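Step one of this worksheet: look at the structure below.
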Amino acid sequence: MDLSYICVNHNCSFPGAKSFEITFKSEYIMDENNVASLFCPFCGSELMQVKVPDVFPENLSKDNTI
C-alpha cells in the first residue's frame, strides 16, 4: 500500500489547483512508524498522512484536525 501525505495548510502557496501531495511506494518505506516528519516545500507546514480516501483539506476544520 502506498503512503500519501498532503499539505493541510489553507494558506499554502502551492500553485496547483489542489493541495501539495507526495506519495511513496510501500517498498521504499519499512513501516509507517519509521517515517520522518515531512514538510511542505511551499509553506513549511507539516504534511498529514492520508489514511482515508476522502480526507482532503477542503473537508478539514480550520484547525486542521479530522
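Figures for the structure shown
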{"quantity": "Pairs where the first residue, in segment 26-49, is among the β-branched types (Val, Ile, Thr) and the second is surrounded by 10 or more Cβ atoms within 10 Å (Cβ to Cβ) and not in a loop (DSSP other than H, G, I, E, B), C-beta under 9 Å, 6+ apart", "calculated": "Ile29/Leu3; Val35/Leu3; Val35/Tyr5; Val35/Phe24; Val35/Gln49"}
{"quantity": "Output for segment 2-19, where each listed residue is in a loop (DSSP other than H, G, I, E, B) and either over 12 Å from Ser45 (Cα atoms) or touching a strand residue (DSSP E or B) at 6+ places or on another chain (Cβ under 8 Å) (or both)", "calculated": "Asp2, Cys7, Val8, Pro15, Gly16, Ala17, Lys18, Ser19"}
{"quantity": "Segment 20-44: number of residues that are under 10 Å from the mean Cα position of the chain (by Cα) and either basic (Lys, Arg) or assigned to a loop (DSSP other than H, G, I, E, B) (or both)", "calculated": "3"}
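Every residue, every condition in (1) surrounded by 11 or more Cβ atoms within 10 Å (Cβ to Cβ); (2) of a type in the set (Val, Ile, Thr); (3) closer than 22 Å to Met1 by Cα; (4) at pLDDT below 80, yes or no:
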{"site": "Ser26", "(1), (2), (3), (4)": "yes, no, yes, yes"}
{"site": "Ser37", "(1), (2), (3), (4)": "no, no, yes, no"}
{"site": "Val52", "(1), (2), (3), (4)": "no, yes, yes, yes"}
{"site": "Phe56", "(1), (2), (3), (4)": "yes, no, yes, yes"}
{"site": "Asp63", "(1), (2), (3), (4)": "no, no, no, yes"}
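The values are calculated or read from the model by the stated rules, or taken from the named source; none is laboratory data. All values derive from a computational prediction rather than experimental measurement. Cβ atoms come from the backbone with ideal geometry, glycine included; neighbour counts cover every protein chain shown.
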